[in-house]
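Trainee: Please read through the structure below; I'll follow up with questions.
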Amino acid sequence: MRKRILSIAVLLLVFLAGVWLSYQWLNNTHKEETTVSASVLLERVREVCQLVTVEGEFSEIYRETNLREVTLYLPIPTQWQFSKKALLQVTGKVLVGYDMNQVDIKIDSAAQQIILTNLPQPSILAIDHNIKYLDLEESFFNEFSPEDYTQLNTNAKNMLRKKAVESDLIDQAKNQGIHLLDALDFMAKGIGWHVVYEQASSDLEH
């Protein structure tokens, strides 16, 4: 996690250094070229679309039972229930962070400001999971189909998502996001710039 935060901090430092160099270079050129240079820098920053700040590992046992009613004529109509059961061990990693596609970054060279708007809330970005079938029980009239295995995989993934939401991963991601913004503030002030957050309702706002 420290290496990831350090990598992100280096990326932000390079970005701010590029902005400062562009500002110095543009003192002897046209304002129109300033906009073009800033746009190129911003497009490079936007290539990093997702920012993962927390990774959680989970291991759970998932059970599922399905009952199917079948009418048999013996010789009168009689309903019977045939079951199929699955017992799975589900392990996986849940990545929580920020969708940076929502962020709008503007550069005000005259005021030496980096303006951030539409700061997102942390969310689950990806779930990488594996399943191990511990036990499968099926009946003659209620067998597992390929579609059932696909649905079991989907249900297991949804269970990990639910567990992640119920945990403190989202709160941890918020705290990490605040630390990253603190680092951005520090680096910007180091070269005489300021970071402005225009979304007052965001939990990331300082």
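The values are calculated or read from the model by the stated rules, or taken from the named source; none is laboratory data. If you're wondering where the values come from, they're calculated on a predicted model, not measured in any experiment. Here Cβ is always computed from backbone atoms with ideal geometry, including for glycine, and neighbour counts include all displayed protein chains.
Trainee: Condition check: out of contact with any Asp or Glu (no Cβ under 6 Å at 6 or more places or on another chain), at pLDDT below 85 and not aromatic (Phe, Trp, Tyr). Does LEU160 satisfy that?
Mentor: Details: out of contact with any Asp or Glu (no Cβ under 6 Å at 6 or more places or on another chain): yes; at pLDDT below 85: no; not aromatic (Phe, Trp, Tyr): yes.
Here the answer is no, as LEU160 does not meet what is asked.
Trainee: Would you mind listing the strands (runs of 3 or more DSSP E) fully within segment 85-192 where at least 1 residues are charged (D, E, K, R)?
Mentor: Details: elements: 104-108, 113-117, 123-137.
It comes to 104-108, 123-137.
Trainee: Here's something else I'd like to know. Working carefully through the options GLN102, GLN89, find the one that is at pLDDT below 85 and not hydroxyl-bearing (Ser, Thr, Tyr). Working first, answer last.
Mentor: On the way: GLN89 fails: at pLDDT below 85.
Checking each option against the conditions leaves just GLN102.
Trainee: Just wondering, is there one or more residues in segment 164-172 that are in contact (Cβ under 8 Å) with a residue 60 or more places away in the chain, touching a helix residue (DSSP H, G or I) at 6+ places or on another chain (Cβ under 7 Å) and not hydroxyl-bearing (Ser, Thr, Tyr)? Show your work before the answer.
Mentor: Going residue by residue through segment 164-172, those that are in contact (Cβ under 8 Å) with a residue 60 or more places away in the chain are 164, 167, 169-170, 172.
Add one more test, that the residue is touching a helix residue (DSSP H, G or I) at 6+ places or on another chain (Cβ under 7 Å), and what stays is none.
No: segment 164-172 contains no residue that is in contact (Cβ under 8 Å) with a residue 60 or more places away in the chain, touching a helix residue (DSSP H, G or I) at 6+ places or on another chain (Cβ under 7 Å) and not hydroxyl-bearing (Ser, Thr, Tyr).
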